[in-house]
Amino acid sequence: MGVIEVNHVTKDYGKGRGVFDLSFSVDEGEVLGFLGPNGAGKTTTIRQLMGFIRPDGGSLQIRGKDCFKERDVIQRSLGYLPGEIAFIDSMKGMEFVRFVARMKEMKDLGRADELMERFELHPDGKISRMSKGMKQKIGIVCAFMNDPSILILDEPTSGLDPLMQNRFVELILEERKRGKTILMSSHMFEEIEKTCRRAVIIKAGRLVSVEDVEKLRDSKGKKIEVRFANEGQAGAFVKEYALSEHGKVWRQDAVVGLQIQGSMDVFLKTVSKYHVVDLQTQRQSLEELFMHFYGESEGGKGGEDSSGENDGGVVRGKGVHVG
């Protein structure tokens, strides 16, 4: 049995909004990614785990406690960062931190000073005058300062700049080493890739898949763009490559783009025969990799070509599969 259990949960708001027959669990010491497009039902699920709303059907438990019936006990013992934090704008930042500490029945401010230093937070001003990033830092401090063993985080890096996002990732990795159990909703796939071993993927309130992030990382394809010396070289490369390899390829003038899954051996042996002016490679993002779970496909790249001219099965300016 997992530390966090979501069992056949339904919360129906009508018109396809809510979550429907959703089940997953978070194991002891696991950081589980919770992924889905906006409106997928991530926040609805998290609000039920926090006991803010009652499910229409199914059950949610944290360490065997019913999330709605025993919400007071659960809320005191875990760290929670909502997607939209309800601040008291008339307060100063430090006043709010102390207020949350009292609500959690903390004897002192715990790790607050350490966390404020880590995130370069100076919470002396009024919350009403703070930026989104400053408010998000306060939320992070409040979620982690009592050193909880369980954390539920809804879009935790929203509003943070890249430096602070990296520091947050470092914090999550440290907490994972310490054995914390964390459910983390995010739309930033790089964040999930760096911190989670598994990811729950939902769409329109329903479970799409539970995936091993390491396997997803290993299966990610590479996108390559090659600029040849001239169009003739580019066309000849495409024809030769198409005879020995299958994959997504597009060509426009002297530039060829490819998506390669797995070994690059055939590509490297083929392209070495031609005069290459420039070559750029990029790892496929997890976001692109997950698109097939959402029933979407990536469109072709390059300009339109009304002539319909092709090179060995490769349409100029449009992405198609060769072979």
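Just a few scattered comments:
- Qualifying residue in the range 195-210 (condition: assigned to a helix (DSSP H, G or I), within 16 Å of the chain's Cα centre (by Cα) and within 26 Å of residue 283 (Cβ to Cβ)): yes
- Only one of the numbered conditions (1) in contact (Cβ under 8 Å) with a residue 60 or more places away in the chain; (2) touching a Gly at 6+ places or on another chain (Cβ under 8 Å) is not met by residue 134, and that is (1).
- Test: residue 139 is under 26 Å from residue 63 (Cα atoms), more than 17 Å from the chain's Cα centre (by Cα), in a loop (DSSP other than H, G, I, E, B) and not assigned by TED's automatic domain parsing to the domain that holds residue 262: no
- Test result for residue 202, touching a residue at least 40 places away in the same chain (Cβ under 8 Å), among the hydrophobic types (A, V, I, L, M, F, W, C), assigned by TED's automatic domain parsing to the domain that holds residue 263 and touching a Leu at 6+ places or on another chain (Cβ under 9 Å): no
- The number of residues in the range 75-121 that are without any contact (Cβ under 8 Å) to a residue 12 or more places away in the chain, of a type outside the set (Lys, Arg) and either outside the structural domain of residue 48 (by TED's automatic domain parsing) or not in a helix (DSSP H, G or I) (or both) comes to 3.
- Among (1) crowded, with 19+ Cβ neighbours inside 10 Å; (2) of a type in the set (A, V, I, L, M); (3) part of a helix (DSSP H, G or I) - the single one residue 151 does not satisfy: (3)
The values are calculated or read from the model by the stated rules, or taken from the named source; none is laboratory data. These numbers were taken from a predicted model, which means no experiment stands behind them. Every residue, glycine as well, gets a Cβ built from its backbone with ideal geometry; the counts of neighbours run over all protein chains shown.
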